[in-house]
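Notes for the one structure printed next.
We did not get these values from a lab; they are worked out from the coordinates using the rules stated. Quantities reported herein were computed from a predicted structural model and do not represent experimental measurements. FYI the Cβ positions are ideal-geometry reconstructions off the backbone, even for glycines, and counts take in every protein chain you see.
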Amino acid sequence: PEAADLRALARHLYEAYLKYFPLTKAKARAILSGKTGEKVPFVIHDMKSLMEGEQFINCRQIPSLDHQQQVSTLRFFHSCQSRSAEAVREVTEFAKSIPGFIDLDLNDQVTLLKYGVIEVLIIMMSPLMNKDGTLISYGQIFMTREFLKSLRKPFCQMMEPKFEFSVKFNTLELDDSDMALFLAVIILSGDRPGLLNVKPIEQLQETVLHSLELQLKLNHPDSLQLFAKLLQKMTDLRQIVTDHVHLIELLKKTEVDMFLHPLLQEIMKDLY
Amino acid sequence: LKEKHKILHQLLQNSTSPVDL
């Protein structure tokens, strides 16, 4: 494809990214570095601040759960799920904006989202994190890494691998326009299990890969091998998702009050 | 596959109104 077409594709995906994802990397980094000039996030660093900060956490509550009877850890976990379900909706809208995606076989669209969405969410989490903690709840809260590590097992094991990945991923210094293309590449993976018609998916991905390669050359001229380094991250991501799904399976078996959001259940069932 | 993933399917099909999550 012509360079002009590849640049147009990059612009289109960046615009869709800005449209569907409320907390951009630029905004998150401004909050984390204290450069917003507005509200600083509420810091959750222990159980007391968790309870104080719950008023900021999340927007929608899960009905049918008696909040009085739940311990804070589990209640927080349910809030995270509710936000994750909303994030899946945002990623779905972004996927639909990728040129050619909605023309794919509908079963394949479902498969691409089922296998790609958690990988996308983990990549999108990276800009919200630094080595000390993570922004949550649209940047209104900063939750410390130490606090997450102090939760009881297996909750304490959930976020640590994401921190380790994110701290390394952030050294690549992608910006939001790079991220938009990388997310599209992840979604358009032609090797997901059960795809019916791989060829058109691979063709779409190839075009987005060309656009990403050009974007990185123009946007990061001094960063050698950035394109190759970024593609290698896709292998790490699959392992993180596999481990995450296994942890959720463990939670389902061990936690009596465990409630898994129906959308997340759909995605994780028979995933890996 | 569509049957096993009703909410995902619905999200893909509804271009304007998001399903009640």
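For the range A:172-184, the count of residues that are surrounded by fewer than 16 Cβ atoms within 10 Å (Cβ to Cβ), charged (D, E, K, R) and more than 22 Å from A:Tyr20 (Cα to Cα) is zero. Note on the range A:98-118: among residues that are surrounded by 20 or more Cβ atoms within 10 Å (Cβ to Cβ) and of a type in the set (D, E, K, R), the one that is farthest from A:Leu195 (Cα to Cα) is A:Lys114. Is there a residue being within 19 Å of A:Asp46 (Cβ to Cβ), without any contact (Cβ under 8 Å) to a residue 24 or more places away in the chain and surrounded by fewer than 17 Cβ atoms within 10 Å (Cβ to Cβ) anywhere in the range A:136-146? Scanning the range A:136-146, I find no residue that is within 19 Å of A:Asp46 (Cβ to Cβ), without any contact (Cβ under 8 Å) to a residue 24 or more places away in the chain and surrounded by fewer than 17 Cβ atoms within 10 Å (Cβ to Cβ), so the answer is no. Test A:Lys217 against the criterion of being within 14 Å of chain B (Cβ to nearest Cβ), over 22 Å from A:Phe101 (Cα atoms), surrounded by fewer than 17 Cβ atoms within 10 Å (Cβ to Cβ) and free of Cβ contacts under 8 Å to residues at least 40 places away in the same chain, and give yes or no. No, not satisfied.
For the range A:242-272, the set of residues classified as touching a residue at least 12 places away in the same chain (Cβ under 8 Å) and at the interface with another protein chain (Cβ under 10 Å from one of its Cβ atoms) consists of A:His261, A:Leu263, A:Leu264, A:Glu266, A:Ile267, listed by residue number. Taking the range A:86-193 and the helices (runs of 4 or more DSSP H) fully enclosed by it, the elements with 3 or more residues that are over 27 Å from A:Phe56 (Cα atoms) are at A:106-125, A:176-187.
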